[in-house]
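Enquirer: Please see the structure below; I have some questions.
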Amino acid sequence: MPSERNANRLEQVLDEERRALLSGDLTSLASILRRKETLLARLEKDPPASARLDVLRRAADQNQALARAARDGINTVRMRLDEVGRNTPAETYGADGRRTQIITPRHTLAKRA
């Protein structure tokens, strides 16, 4: 049955997407997205049983949550790098558990003749 074969393929792609998100392999997500779109279009024309769709929907929802978490993490890192780039003191904790400020030098580009 073509719908079941497409559902199996989509499940494999969703699993691949999950592994990519968990491992931080964000570069592979574009090709995964193209494959997902193709398979979803096929399933739209010839849907599998509703129980099978529920399994696929749950997997897609879990991946969406992982993608949001990755996006939020990237935004947090970006904001932190902006703070560091503005020469604001960073804070860390030493081996003794006390908080310490780390002052980072402002990087500048040297002009060459």
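The values are calculated or read from the model by the stated rules, or taken from the named source; none is laboratory data. Source: prediction; values computed, not measured. Neighbour counts are summed over all protein chains in view; Cβ atoms, including those assigned to glycine, are modelled from backbone coordinates with ideal geometry.
Enquirer: Would you please name the residue that is farthest from the chain's Cα centre (by Cα), looking only at residues in the range 1-17 that are over 17 Å from Asp54 (Cβ atoms) and exposed (fewer than 15 other Cβ atoms within 10 Å of the Cβ)?
Expert: By that ranking, first place goes to Met1.
Enquirer: Which one of Arg68, Arg106 is modelled with pLDDT of 85 or more and on the phi < 0 side of the Ramachandran plot?
Expert: Within the list Arg68, Arg106, the selection yields Arg68.
Enquirer: Out of (1) modelled with pLDDT under 95; (2) on the phi < 0 side of the Ramachandran plot, the odd one out for Asn8 is which?
Expert: (1)
Enquirer: Would you please name the residue that is nearest to Leu14 (Cα to Cα), looking only at residues in the range 34-52 that are touching a helix residue (DSSP H, G or I) at 6+ places or on another chain (Cβ under 8 Å) and assigned to a helix (DSSP H, G or I)?
Expert: Within the range 34-52, the first condition is being touching a helix residue (DSSP H, G or I) at 6+ places or on another chain (Cβ under 8 Å), and the residues that meet it are 35-36, 39-40, 42-43, 46-48, 52.
Now drop any that are not assigned to a helix (DSSP H, G or I), which leaves 35-36, 39-40, 42-43, 52.
Numbers: Arg35: 10, Lys36: 8, Leu39: 11, Leu40: 11, Arg42: 15, Leu43: 14, Arg52: 14 Å.
Taking the candidates together, the pick is Lys36.
Enquirer: Return the pairs, sorted by first residue and then second, in which the second residue is of a type in the set (Val, Ile, Thr) and at pLDDT 60 or above, the first residue lies in the range 92-113 and is more than 17 Å from Arg80 (Cβ to Cβ) and outside any strand (DSSP E or B), the beta carbons are less than 9 Å apart, and the residues are 6+ apart or on different chains.
Expert: Gly94/Thr100
Enquirer: If you don't mind, another one. Could you tell me whether Ala30 is aliphatic (A, V, I, L, M), closer than 28 Å to Val77 by Cα and loosely packed, with under 14 Cβ neighbours inside 10 Å?
Expert: Yes: the conditions hold for Ala30.
Enquirer: How do the pairs read when you match residues in the range 15-37 that are on the phi < 0 side of the Ramachandran plot and modelled with pLDDT of 95 or more with residues anywhere that are β-branched (Val, Ile, Thr) and surrounded by 12 or more Cβ atoms within 10 Å (Cβ to Cβ), using Cβ under 9 Å and keeping only pairs 6 or more apart or on different chains?
Expert: Going by the 9 Å Cβ cut-off, the qualifying pairs are Glu16/Ile32; Glu17/Ile32; Ala20/Ile32; Ile32/Val13; Arg35/Val13; Lys36/Val13.
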